[in-house]
1. Under the classification rounded if a/c is under 1.5, otherwise prolate if a/b is larger than b/c and oblate if not, where does segment 94-200 fall, given a ≥ b ≥ c as square roots of the Cα gyration tensor eigenvalues?
2. For an R0 of 25 angstrom, estimate the FRET efficiency from the Cβ-Cβ distance between Phe48 and Thr95 and round to the nearest 0.05.
3. Considering amide H positions built from the backbone, and no H for Pro or chain starts, which residues 5 or more places from Ile214, or on another chain, come under 5 Å of its amide H?
4. Cα to Cα, under 20 Å, and not fewer than 8 places away if on the same chain: which lysines meet these conditions relative to Lys197?
5. Would you mind working out the accessible area per residue for segment 137-217, using a 1.4 Å probe, and quoting it in Å²?
6. What residue among Lys115, Lys197, Lys105 has the largest mean-square fluctuation in a Gaussian network model of the chain, using Cα springs under 10 Å?
7. Taking only the C-alpha atoms, wrap a convex hull around segment 1-142 and report its volume per residue in Å³ as a whole number.
8. Work out how much length Leu18 to Ser83 would gain on full extension: take 0.36 nm times their residue separation and subtract the Cα-Cα distance, in nm to one decimal.
Amino acid sequence: IYDLEEHLCRLISSIDELGFEISPQINEYMELLLFFQNQIKNKAQYFFKKSVGFSRSIIKQEPTNKFSLITSAELFKLRIIYSQKEASVDIEPYTRDLTKAWQVKVLAPEEFHIKTDNPIWKHKFYPRAQIALNDYDEVIWTNEQGHICEGSFTNVFFYNTQGQLCTPSLDSNILPGVMRSKLIESFDVIEGHYYPKDLQNGFFLVNSMFVKYINIP
């Protein structure tokens, strides 16, 4: 299981910022972290019928137009849902076809947009990934100002005309994805406010499992 601590830190931050209640038996941050780790480990070991381990993914190079996976092993989706002081863990095979050419649409603000004054968007709520996806493999959301924000289950990166790696800034009210953070930590990434025209030469969709290049014909 890759980057579990980073995912759990984001989850715990959301629990805190949104004012969700936690079990009265849990008093400290580290206790909550261990609680989630134990829930996940128990579920994963039961699901796979063997012991599981935690590991950090390693980012060796900036994104290229060659599709890349975090691991070459068979992929599974692990979903943690926190609600009413309880955590549930679901594991299922990852069935999305990552190797085909994706149909991706940038949604205009009048079609659907993120509201920058609504704090829910910087958190991963369920079923976030189904909003306005329709028949596309992925959609990219903008905000009311027309700035590029993110995909329904991915963050967006692109190279500008000077060859610099760029991504929308968090003040666009977007999810601070784990892979997004790792790329920013590893490389010289420019965060800012960008528009759909900035993606016209191609862009990258990234999440914790893959980096996928989207070519513009």
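1. Working: a/c = 1.31, a/b = 1.15, b/c = 1.14.
Rounded is the answer for segment 94-200, as its axis ratio a/c remains below 1.5.
2. Values: r = 17 Å, r/R0 = 0.69.
After rounding, the FRET efficiency stands at 0.90.
3. Here Phe203, Phe204, Leu205 satisfy the definition.
4. Hits, sequence-local ones excluded: Lys105, Lys212.
5. Numbers: 3050 Å² over 81 residues.
In whole numbers, segment 137-217 has 38 Å² accessible per residue.
6. Lys197
7. Numbers: hull volume 22.3 nm³, N = 142.
Per-residue hull volume (Cα only) is 157 Å³.
8. On the way: separation 65, 0.36 × 65 = 23.40 nm, distance 1.17 nm.
Residue separation times 0.36 nm, minus the Cα-Cα distance, leaves 22.2 nm.
The values are calculated or read from the model by the stated rules, or taken from the named source; none is laboratory data. Quantities reported herein were computed from a predicted structural model and do not represent experimental measurements. With ideal geometry, Cβ positions are generated from the backbone for all residues, glycine too; neighbour counts draw on all protein chains shown. SASA here: full protein model, heavy atoms, side chains in, ligands and nucleic acids out. Shrake-Rupley method; radii C 1.70, N 1.55, O 1.52, S 1.80 Å.
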